[in-house]
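Here's the structure we're looking at; comments come further down.
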Amino acid sequence: MKHSFLDRYSSLDSPIHRLDPRAKIVSFLAALLIIVSEPRGEVQSFLFYYVLIGALVWISRIPVRFLLKRCLIVAPIVLMAAGLMLVSGSPIAEGAIDHPHGGRALLSLSIALKAFAAVILLTLLTSTERFHRLLEGMRALKMPALLGVLSAFMYRYAFIISDEMLRTSRARLSRTPGRLNISRFTVYGHQAATIFVRSWERSQTVYNAMCSRGFTGRFPLRTALHFRPVDALFLISFTLVFVAVRIVI
């Protein structure tokens with residue numbers, strides 16, 4: 001079973017990895033809100049935003065290729081939204097024609113730049129910290145307990161579905177080597193049904209095992225979180241730099 005599809009590079013050692021998860025959650029969220037608050041059609045400040053994000057990527061030692069793959073996943077949706085703005089007749093798009101620095105093209109470009117910046121920041125957040133520590137940091141920041149439990153269950157049960165998909169794919173390849181003689185939709189449909197049934201059964205087994213071990217609806221903390229002066233320094237400096245770009249540029 002593979003457990004690294006979300007926090008694949010969280011085991012690396014870098015100054016960003018060693019920060020308290022609460023500092024990263026607050027600072028990355030603040031940077032995301034600042035970027036999204038940029039006026040529609042303004043693209044000049046994104047050069048500085050991406051320089052800051054690039055410096056963060058370099059310090060964190062996360063491979064650029066990994067980030068680009070994550071951007072490619074959402075690229076069709078982002079480019080579709082940006083492209084629709086070019087031909088849209090909405091008041092926002094119509095108002096962009098009279099924009100002093102450009103028209104609909106800049107409006108579409110700003111939408112794409114905001115979306116990709118958000119993807120990179122969120123990928124950095126999840127790639128520089130273990131998922132359970134992110135949940136612990138969110139819990140310490142008074143995130144609703146039910147949301148934390150649901151997120152933890154979704155993360156854990158995703159491994160069960162992934163494991164069953166690998167097992168059924170291996171079984172199918174061992175029984176039907178070479179070219180399929182029947183419709184691919186039929187084969188993949190049967191495989192999807194098998195994955196669902198087996199995952200449902202295994203989830204019941206996992207739940208019974210958790211209840212037998214005294215699960216009360218709340219995951220205990222594995223390690224205590226310690227907010228150090230360096231975490232406060234990163235939070236303040238990182239946020240102030242983005243605020244300065246937002247105000248000055």
Taking a virtual spin label 7 Å from the Cα of LEU122 along the C-beta vector, which residues in region 56-79 bring their backbone nitrogen under 17 Å of it? 67-79
Applying 1/(1 + (r/R0)^6) with R0 = 41 Å to the Cβ-Cβ distance of LEU47 and SER169, what FRET efficiency is obtained, to the nearest 0.05? 0.40
Cβ-based charge dipole, region 144-212, positive-most Cα from THR194, THR205, ALA171: ALA171
Given a Förster distance of 25 angstrom, what is the FRET efficiency for SER11 paired with LEU147, based on the Cβ-Cβ distance and rounded to 0.05? 0.45
Each label sits 7 Å from Cα toward the beta-carbon; between CYS71 and ALA140 the label points are separated, in nm, by 3.2 nm
Which ³J(HN,Hα) values in Hz, rounded to whole numbers, follow from the phi angles of region 58-71 under the Karplus curve 6.51 cos²θ - 1.76 cosθ + 1.60, where θ = phi - 60° and Gly and Pro get x? 5, 5, 6, 6, 6, x, 5, 4, 5, 5, 5, 5, 5, 5
Sparse-neighbourhood loop hits (trypsin sites (Lys or Arg not before Pro), region 158-198; DSSP loop; Cβ within 10 Å at most 16 others) -> ARG179
Relative exposure of CYS71, CYS211, judged by other C-beta atoms within 10 Å (fewest first): CYS211, CYS71
Comparing ILE73, ILE62, ILE35, which has the greatest mean-square fluctuation in the GNM of the chain with Cα pairs linked when under 10 Å apart? ILE73
Once phi is turned into θ = phi - 60°, what whole-Hz ³J(HN,Hα) does the Karplus curve with 6.51, -1.76 and 1.60 give for every residue of region 201-213, x standing for Gly and Pro? 5, 5, 5, 5, 5, 5, 5, 4, 5, 5, 5, 5, 9
Return the whole-Å distance between the Cα centroid of region 17-41 and the Cα centroid of region 118-166. 18 Å
Tell me the label only: which of (1) 0.96; (2) 1.25; (3) 1.07 is Cα Rg over 2.2 N^0.38 Å as calculated from this structure? (2)
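About the Cα centre, and with charges only on the beta carbon of Lys, Arg (+1) and Asp, Glu (-1), how big is the dipole of the chain? Nearest 20 debye, please. Intermediate values should be presented prior to the final figure.
On the way: 30 positive and 13 negative charges, 236 e Å.
About 1140 debye.
Just so you know, all these numbers are worked out from the coordinates, no wet-lab data involved. Worth saying up front: this structure is predicted, and the values here are computed from it rather than measured. Virtual Cβ from ideal backbone geometry, glycine too; neighbours counted across all protein chains shown.
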